[in-house]
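Structure record follows, encoded as structure tokens.
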Amino acid sequence: MCIRDRAITTSINAQQQLSFSFGEIPQNLMLNPGAETNFKSHYGIPVFSNFQLTIGNTGFQMGDLFSNDSRSFNEKFEKVLDQLSPDDYINLNTKVDVLSFGYRYDNKTYISVGFYEELDLMVYFPKDAIEGLYYGNDPFFNRSFSISQAIMKADILGVLHAGMSRKVDEKLTIGGRVKIYSSSLNVETNNNSGSITTTTNNINISRLTLQNLDAEIRTSGIADSNDVFSNTLLGGNLGLGFDVGLTYHFSPQLEFTGSILDLGFIKHSKNTRNFTAKGNYILDGINFEYNSDDPLDYWQQLEQDIDARIPTEETEDAYTSWRPMKLNAALKYSFGERRNKLCYSKTHKQYYYNSIGFQIHTIMRPLKPQFSFTSFYEKSLSKKIHTKFTHTINDYSAAIFGFATSLQVGKLNIFGVLDNILAVTDVASANNISLNFGFNIVID
């Protein structure tokens with residue numbers, strides 16, 4: 001029999017600053033395959049063992065558009081548009097653990113396997129395109145609008161995984177995880193180039209110049225959208241990925257944890273449809289000439305002229321999509337009342353009622369990495385109730401306060417996480433909100 005304490009951990013993305021290095025319920029292995037474990041086995045309740053939802057944007061708050069004041073919606077929209085940057089984005093992520101279980105192979109080795117489904121959407125605001133569509137080209141003579149701002153990626157996939165955590169000695173624990181990705185839907189566009197400029201020609205007519213256009217949109221699964229979710233279990237486009245991680249104790253009270261997640265790719269070869277456009281075009285307006293005996297379809301002529309000068313192509317070529325790699329690291333100092341724990345004759349760990357520390361978390365995105373810095377305080381209220389309080393600085397805000405809690409009822413562990421407490425009372429003023437909950441059975 002092993003008497004032990006438990007705390008909460010959750011999934012990736014915005015929840016990471018609350019959960020990474022927090023306790024040792026089974027999901028901690030998904031954040032750090034080198035996390036320490038002391039239970040004999042665990043069984044996630046299907047679908048409910050871990051559910052996550054994250055929504056956020058860096059460009060504006062909902063209250064900026066829908067606040068109840070004397071300004072018109074157009075005034076509010078124009079102010080938001082003025083403060084937008086091409087670096088701003090919208091991010092939506094959901095993750096559900098369908099199956100999750102693990103068992104102890106020996107005193108030093110723990111093996112875990114499972115399957116989860118994930119939706120991840122990342123869209124950057126193409127400010128030039130939005131301004132051009134909203135205002136038209138009259139206010140922007142001689143200004144070049146960049147096409148490179150069109151950047152987005154959307155994924156729906158399933159992940160079948162197996163990992164192992166190995167205690168090397170009293171100070172070091174290492175681990176790794178192998179993942180098989182099954183993508184049922186992917187849409188992405190990046191590395192586009194070209195510009196659109198409005199000028200006047202030598203006879204004072206507006207000239208629209210499309211220069212050095214080179215754009216591409218790659219998709220898979222669009223033509224088979226009825227089977228989006230069924231294809232997440234080895235029925236879609238397959239890929240391979242790896243996680244690695246470690247835990248190192250400088251002393252019983254000072255601990256470092258680190259991990260690299262989703263170092264992998266997906267090869268898209270089924271149900272692919274790719275669209276490309278390359279070329280240059282100059283439009284000096286349309287010179288309408290009315291002839292009732294021989295009417296001309298000017299718009300059809302314009303379309304044919306554009307197609308001739310800017311050829312477009314649709315292909316079914318295979319392509320490779322890289323997963324957004326994640327980097328995590330935390331340094332934690334534990335203090336207060338100490339309780340020893342002795343399990344499996346060779347496993348010895350000391351637990352404290354209090355911990356403080358800091359964490360860094362980075363996700364590699366198409367334009368630039370998303371970086372978060374978090375300071376935290378962990379407090380065990382009893383042997384069965386554990387809490388964590390955080391303050392995070394990231395792209396969304398410099399004042400994100402989070403809270404996590406875990407409750408142990410017999411062999412059932414129940415946890416819940418809220419990443420932005422202030423958003424609960426004033427959703428309109430929030431840039432992001434994340435919630436996470438789960439139920440797991442842990443056998444000592």
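The values are calculated or read from the model by the stated rules, or taken from the named source; none is laboratory data. In this text, all values refer to a predicted model and were calculated from it rather than measured experimentally. In case anyone asks, the SASA skips ligands and DNA or RNA and just uses the protein heavy atoms, side chains included. Shrake-Rupley method; radii C 1.70, N 1.55, O 1.52, S 1.80 Å.
Remarks
- Taking all Cα pairs closer than 8 Å and separated by 6 or more residues, the relative contact order of the chain comes to 19 percent.
- The residues of the chain expose on average 48 square angstrom of accessible surface per residue, using a 1.4 Å probe on protein heavy atoms.
- Sorting Met152, Met122 by accessible area puts them as Met152, Met122; the probe is 1.4 Å, largest comes first, and only protein heavy atoms count.
- Cα pair distances exceeding 39 angstrom across the chain, given as percent: 33 percent
- Largest to smallest accessible area among Ser334, Ser397 [probe 1.4 Å]: Ser397, Ser334
- Residue among Thr200, Thr362, Thr219 with the largest mean-square fluctuation in a Gaussian network model of the chain, springs linking Cα atoms under 10 Å: Thr200
- The residues Val187, Val47, sorted by heavy-atom accessible surface at 1.4 Å with ligands and nucleic acids left out, run Val47, Val187 from largest to smallest.
- For the range 57-103, the calculated P(r) over all alpha carbon pairs, in 5 Å bins from 0 to the bin holding the longest distance, is 5, 16, 20, 14, 10, 8, 6, 6, 6, 5, 3, 1, 0 percent.
- Value of Rg to Rh for the range 174-251 (Rh from inverse mean 1/r over Cα pairs, i.e. Kirkwood): 1.35
- Legend: P(r) of the range 377-430 from all alpha carbon pair distances, 5 Å bins from 0, whole percents, reading 5, 18, 23, 19, 14, 11, 7, 3, 0.
- Of Gln370, Gln253, Gln83, the one that fluctuates the most in a GNM where the chain has Cα springs shorter than 10 Å: Gln83
- Pairwise Cα inverse-distance average, inverted: Kirkwood Rh of the range 28-131 (Å): 17.5 Å
- Links that overshoot a 25 Å alpha carbon limit, given the list Lys127/Lys267; Lys108/Lys388; Lys76/Lys326; Lys40/Lys171; Lys153/Lys179; Lys153/Lys368: Lys127/Lys267; Lys108/Lys388; Lys76/Lys326
- Accessible area of the chain belonging to carbon and sulfur atoms, whole % at 1.4 Å probe: 61 percent
- If the chain linking Ala129 and Leu65 were pulled fully straight, counting 0.36 nm for each residue of separation and taking away their Cα-Cα distance, it would gain 21.1 nm.
- Dimensionless Rg over Rh [the range 71-159; C-alpha; Kirkwood]: 1.31
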